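Following: one structure in structure tokens, then a few remarks.
The values are calculated or read from the model by the stated rules, or taken from the named source; none is laboratory data. This one's a predicted model, so the numbers in the text were calculated from it and none came from an experiment. Methodologically, a virtual Cβ is constructed for each residue, glycine included, from the backbone with ideal geometry; neighbour enumeration extends over all protein chains shown.
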Amino acid sequence: MTEPVIVYEVADQIATLTLNNPSRRHALSSEVLAALKDRLERIEADSTIKVVVLKSYGPVFSSGHDLREMVGSDEESYTCIFAECTEVMEAIRLLPQPVIAQVQGLATAAGCQLAATCDLAVASEDAGFCTPGVQIGLFCSTPAVALSRAVSPKRAMEMLLTGIPISAKTALEWGLVNRVVPSDQLEGTVTQLAKHIARASSYTLAIGKQAFYRQLQLDRPQAYEMAQRTMVENLLAYDAQEGITAFLEKREPQWQD
């Protein structure tokens, strides 16, 4: 029986998506991208899921695009590959639930893009990140979109122009990841973080995530105007009223979800 390229599990309102093709270094092939897109669409429609963890098996997080699909084909095929990848990255950004990347080993090219796209990223001390396309004649232009929104332009260009891997420690200093922990603590740290986030209201997490990414695209006055409207909308919702009342009454809130 063929193993699924994505292993899906749910526990404690946390969905875990595990890349499951270690023999190909978890390359983001068309098959993998299609499976990710399908699963993300199902998660979006499942109000019982509050947080998503994205990880992989083995010593590599993801080697990026499957280079076997990038040789000897035509413009239409190449266009489809990058369109599929963009759809997955945007599905993560637009997903109501927060997504945490659990990174061990190397995250390369589109694999680095995947980690940078997630809302949060926790890496093991042996993790590394690189965008080495320039070294094989294919500049990492699509990974640059997520990378340049996670680190400063100068840092992003250094990675893109040299292709030299950066360590987990450097990724933390540059803002590409949130935390770096010993390898044997990675799973536990991510689970603890996911469980903490899952204590919040699903509605509040969703409206907050959406507003955060929207305001990044606006100038400051427009961002404040949009954020004010969001705060009012949020405040009128049941969960905000329940949460504030529970805080004042010194009790645990009972979310609508």
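If only one of GLY163, GLY188 is surrounded by 12 or more Cβ atoms within 10 Å (Cβ to Cβ) and at pLDDT 95 or above, which one is it? Reasoning before the result, please.
Values: GLY188 fails: surrounded by 12 or more Cβ atoms within 10 Å (Cβ to Cβ).
Of GLY163, GLY188, the one residue that is surrounded by 12 or more Cβ atoms within 10 Å (Cβ to Cβ) and at pLDDT 95 or above is GLY163.
What pairs can you find where one residue is in the stretch 149-167 and at positive phi, the other is in a loop (DSSP other than H, G, I, E, B), and their Cβ atoms are less than 7 Å apart, with a gap of 6+ or different chains?
Within 7 Å, the pairs are GLY163/THR131.
Select from the stretch 171-206 the residues that are over 19 Å from the mean Cα position of the chain (by Cα) and over 27 Å from LEU94 (Cβ atoms) and list them in ascending order.
Of everything in the stretch 171-206, those that are over 19 Å from the mean Cα position of the chain (by Cα) and over 27 Å from LEU94 (Cβ atoms) turn out to be PRO182, SER183, ASP184, GLN185.
In the same structural domain as LEU147 (by TED's automatic domain parsing), in a helix (DSSP H, G or I) and within 18 Å of CYS118 (Cα to Cα): which single residue out of GLN192, GLN215, GLN210, GLN185 fits that description?
Sole residue among the options that is in the same structural domain as LEU147 (by TED's automatic domain parsing), in a helix (DSSP H, G or I) and within 18 Å of CYS118 (Cα to Cα): GLN192.
Would you call ARG39 surrounded by fewer than 20 Cβ atoms within 10 Å (Cβ to Cβ), modelled with pLDDT of 95 or more, touching a Leu at 6+ places or on another chain (Cβ under 8 Å) and closer than 23 Å to LYS209 by Cβ?
yes
For the stretch 63-137, please list each of the strands (runs of 3 or more DSSP E) lying entirely inside it that holds at least 3 residues being surrounded by 14 or more Cβ atoms within 10 Å (Cβ to Cβ) and among the β-branched types (Val, Ile, Thr).
99-103
Looking at ALA171, is it modelled with pLDDT of 95 or more, closer than 27 Å to LEU33 by Cβ and either in contact with a Leu (Cβ under 6 Å, 6 or more places away or on another chain) or assigned to a strand (DSSP E or B) (or both)?
no
Got a number for residues in the stretch 1-22 being hydrophobic (A, V, I, L, M, F, W, C) and in contact with a helix residue (DSSP H, G or I) (Cβ under 8 Å, 6 or more places away or on another chain)? Before the answer, list the steps.
Initially, the stretch 1-22 is screened for residues hydrophobic (A, V, I, L, M, F, W, C), giving 1, 5-7, 10-11, 14-15, 17, 19.
Then keep just the ones that are in contact with a helix residue (DSSP H, G or I) (Cβ under 8 Å, 6 or more places away or on another chain); that gives 5-6, 14-15, 17, 19.
Selection size over the stretch 1-22: 6.
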